[in-house]
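Following: one structure in structure tokens, then a few remarks.
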Amino acid sequence: MSSSRTDQSGTENGVGGAAALGSIAKSSPTSLPKVEKAARAQRYQALSHSRGWLKPLAKKNPNKSYGWDLHRTQDCRYKRVGIGVTVQYDAKHQTAFYGDVATCGSVWACPVCATIIQNRRRPEVQQLVDWAYEQGYQVSMLTFTFPHKSFDRLKFMLNSQADAFTKLRKGNSWDLFRKRFGFVGLVRSLENTHGANGWHPHTHEIWVTKSLTPSSRGDFEQFVKRRWRMACIKAGLLDDSSKSQSFAFDLHAVDVRFDVSTSDYLVKQDNSRKWGVDREMTAQSAKVAPDGVTPTVHPHEFLIRRQEGDDARYREYVTGMHGKRQLYWSQGLKDLCGLKDVSDEEIAKEHAEKADLLAHLTDTQWNIVRGNDALAELLDAAEQGGWPAIRSLLQSLGHVFLEPDAHDPLFEINLSLFAPDQQI
């Protein structure tokens, strides 16, 4: 939340007051741990800051009432899409969230949606790994990268990377490899960080194959490394005439780990954290560099640290990653392990069928919350004490409540918005 408060106040008519006062949850909320609250507050602050940085990406559109097409993340958790913003509580995940607000579902641009999506995707990867071992398959994790320099443009690298992967998995040699090692399918996680050498796009992939003997594992690894080297040369990502570049490529470009599981500790860019394979595949936005090392950060960190040039880097990242999928599954692999295909946008909406309604905010109340950058703080209050805590927070922000007139017909009509078991 912002350290400064805007001095806003408002009065409610019978309708608005009834909407708020009539919202009582069926169960008592449980509060998130302090660390998780702090992280959520930081994500909401980053989302708030992104709105300004995304403005240069707006495009003129005379068909829009305001004449512009804004980036969808600018409306995320900000624009009302229903008759009024609701505050709801998901007992299963022990979190409060907003209903009837726009959600962008962008895992690249939005630090709030990205976390929700990644947390929901993690069990999918876990289910795949568990299923594979139950079927007697081999589960391996492969990481692919390539040389890059600080002046390399992100869009060029991403296009060349995609070209290299096409070349890696094409032709008779690849078909023979699939047959020999009983290749079932893969899940690819695209990740992009930024550091001293500029953009660092790379992938973590889970490959499901038949069980491999110790001798066949060596052949497996050597084929993949040779194949990726050839693909990167053809795609213009590796200059094989440079001895130093070739040496570094052979040393770092491919990492193969066999027999991975959801409990494996894969230490990558953050030596202070230990990641299971399911976290490694989904939780990109949580990685930072260890102390004493030149920072290698996820682009959402730009929105938090705000160093010179970070605004341009963030926009380059958002535009460069547009249309890319964070998690790609081989065709038919989800069906094999019993997973339903759900889009990022659907996950970001946080389906509320089983959630408890805590509050129905009026436009005045919502504007006060937005104006004070208090979205995360209101969710904290909702989880801590339900509607009474929400009301107390709104009052601390300068909102003035007027008790509704129970004889006002508008007040009585508004009560029909709530379920019969809710009380005033």
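Quick note: the coordinates plus some simple rules give every number you see, no bench work behind them. The shown structure was predicted, so the numbers you read here are calculated from the model rather than taken from an experiment. Here Cβ is always computed from backbone atoms with ideal geometry, including for glycine, and neighbour counts include all displayed protein chains.
Summary table
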quantity	calculated
Three principal axis lengths of the stretch 101-225 [C-alpha, angstrom, descending]	48, 37, 24
Between the stretch 107-126 and the stretch 135-151, the Cα center-to-center distance that results, in Å	20
Proxy reagent accessibility, fewest Cβ within 10 Å first, across Arg313, Arg226	Arg226, Arg313
Cβ-based charge dipole, the stretch 114-336, positive-most Cα from Asn119, Thr145, Ala235	Ala235
Column: log10 I(q)/I(0), Debye, Cα scatterers of the stretch 114-336, q = 0.10, 0.11, 0.14, 0.17 Å⁻¹	-0.46, -0.56, -0.94, -1.39
